[in-house]
Every structure is written in structure tokens, then in C-alpha cells.
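Read through the structure below, which is laid out as C-alpha cells, and then see the notes.
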Amino acid sequence: MSVDQPQALAATIIFGGTFDPVHYGHLRAAAELRDLLEVADFRLLPAGHPPHRNSTQADGRHRLKMLRLALAMHPDLGLDDREIRRAGPSYMVDTLSELREQFGQRALVLALGQDAANGLDRWHQWQRLFELAHLVVMTRPESERRYTGRLAEIVAANEARQTDQLWRQPAGLILHLPVTQLAISSTDIRNQIQAGTDPRFLLPDAVLEYIRLRGLYKHALTTRNSV
Ligand code: ATP
Ligand code: MG
């Protein structure tokens, strides 16, 4: 065991998303990331009321319930429901501030797919995110890195090459890690349900059963594939 491991175990990883609904693309990426980073405290954190997209289709309590169903047999992948519980628009910067207050100097990591990371400079007070947490960007061979302007400069100046670097300071580094990204999206699943086709095997059966039981996603509000 390396000397860095005890610190890694004391860190917290946040895997954020709308999870509308959660699918095997998210779950596989989360599992690989948890194993790569060897962190005990790994949390999927569903966005409460995302300000950066038109709207979610299923409300917070349904998205949370679907995550609970998906993770029921996987206690090493935790769930953080603070944004769903909070009223009003949810900004990641507020969420990370709360966690930072709670954890003091412990390393905090926000995990994002490359698609989400490319548009990070559109997030509310995005530069503050680097004061509060490290960023781990999940890449895949075919995913394009498209940082521009100030974001490209910040990434260039703060890029970490190895996981161990993250445990030596509480925040501020950006690490790119290759993680399997299955060609599955919530948008496609919602569209399939609306079109009356069966999206089985793209998401856990228990989640699909819940969607059917509650009649979710029958009437699409948006069809755009947004991050
Ligand atoms: P939508 O189509 O509604 O945008 P989505 O499938 O992209 O949904 P999100 O909730 O937007 O899911 O994604 C949450 C996080 O998971 C993001 O960081 C995103 O990059 C990542 N992610 C989404 N789909 C996959 C996938 N198939 N494999 C790995 N990571 C994914
Ligand atoms: Mg998305």
C-alpha cells in the first residue's frame, strides 16, 4: 500500500449529473472511476433543478428514487441528495461550498465527462469551482477535448498527470482519466420511451420498471441532447 492511500481514502468524489434517468453509461463510468481512484467516499449527486438546461423531465424525487434503485446492491457507490432537498436553482458552486465547509481541508473531487467539462465555462461562477475541488475529467479515445479561452489556460496550468497528486492538496488540479463511456444517453432513453420502443438493457431493469409504473417520459419536453 502506498503512503498516499490513507489520504485518498479520506477524500470525497462527487459524480454529478441530471440522471434523467440514470443508465449503464453513468453506472459503468462511476464504478471504474471509484476503482481507479480508490476512494471510500464516492457519491453520485443528482442535480436538483439544473439552471443550465431548459428543465429536467422527471422531478427530483423520481430521479433520486431511480438512482436508489440502481445502486441498491452497490453500497460502495453512495448517493448525495442535497441538491434535490434544496429549493431553488442548483449551482454546483454552492454544492461544493457546502461540502468544503463540511470537510475542511480534505481533498474534494468533482468528476465530469469530457462533454460536460468542455462547457464548464458556462457554469455559474465556474472559476470558483477550482478553489473548491479538483476536477477529474472522464475521457475516452474518441472524445474530443475542446477547452477554449480562460478555461484552456486554467487546464494547461493545473493539469495533474497522476492520481496521487490529487491527495496532496484539497482542490485546484485537473486530471484526465480514460473511463469507458458506453454509447448510452438519457436523451436517447427518453426518446425511445416517448416513441414507444423498449430501451431495455440500456439501464437497470428496476429503473425501467419504475419508469413504467410512474408513467415517466411519455411526453417529451425537450429532445435536445444537452450536457
Ligand atoms: P442527457 O442525454 O439528458 O444529457 P446524459 O446521458 O448525458 O443525459 P447526464 O445526467 O447529463 O446524462 O450525465 C451526467 C454525467 O455522466 C456527465 O458528467 C456525463 O458526461 C456523464 N455521462 C453521461 N453519459 C455517459 C456515458 N454513456 N458514459 C459515461 N459517462 C456518461
Ligand atoms: Mg448529458
Under Karplus coefficients 6.51, -1.76 and 1.60, residue-wise ³J(HN,Hα) of the range 163-178 in Hz, glycine/proline x: 4, 3, 4, 5, 8, 8, 8, x, 7, x, 9, 10, 10, 9, 10, x
Distance between modelled label sites at residue 153 and residue 86, nm, 7 Å Cα→Cβ extension: 2.8 nm
Average projection area in nm² (convex hull over Cα atoms of the chain, one quarter of hull surface): 12.3 nm²
Theoretical gain in end-to-end length, residue 165 to residue 195 [0.36 nm per residue, Cα-Cα removed]: 6.1 nm
0 to 90° range, to nearest 10: angle between helix 186-195 axis and the chain longest Cα axis: 0 degrees
GNM flexibility winner over the chain from 111, 47, 157 (Cα, springs under 10 Å): 157
Extension reserve of the residue 128-residue 35 stretch, reckoned as 0.36 nm per residue once the Cα distance is removed: 30.7 nm
Accessible area per residue in Å² at 1.4 Å probe, computed on the chain: 49 Å²
C-alpha long axis of helix 92-103 to longest principal axis of the chain, angle in °: 60 degrees
The chain: calculated mean residue ellipticity at 222 nm from DSSP helix runs of at least 4, using -39500 (n - 2.57): -11000 deg cm²/dmol
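Whenever you get a sec, line up 153, 131 from highest to lowest accessible area (probe 1.4 Å, protein heavy atoms).
These residues rank, largest area first, as 131, 153.
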Nearest-ten-degree value, helix 205-214 long axis tilted from longest Cα axis of the chain: 50 degrees
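Roughly speaking, to the nearest percent, how much of the range 116-209's 1.4 Å accessible area is carbon and sulfur? Intermediate results must be reported in sequence, preceding the final value.
Numbers: 2220 of 4900 Å².
Carbon plus sulfur share of accessible area: 45 percent.
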For residue 174, residues with placed amide H under 5 Å, excluding near neighbours: 135, 159, 160
For the range 75-156: Kirkwood Rh in Å [reciprocal of mean 1/r, alpha carbons]: 14.1 Å
Extension gain from residue 98 to residue 213, taking 0.36 nm per residue of separation minus the Cα-Cα distance: 37.9 nm
Dipole magnitude of the chain, debye to nearest 20 (Cβ charges: Lys/Arg +1, Asp/Glu -1, about Cα centre): 660 debye
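The values are calculated or read from the model by the stated rules, or taken from the named source; none is laboratory data. Keep in mind that this is a model prediction, so the values were computed, not measured. Heads up, the Cβs are rebuilt from the backbone with ideal geometry, glycines too, and the neighbour counts pull from every protein chain shown. In case anyone asks, the SASA skips ligands and DNA or RNA and just uses the protein heavy atoms, side chains included. Shrake-Rupley method; radii C 1.70, N 1.55, O 1.52, S 1.80 Å.
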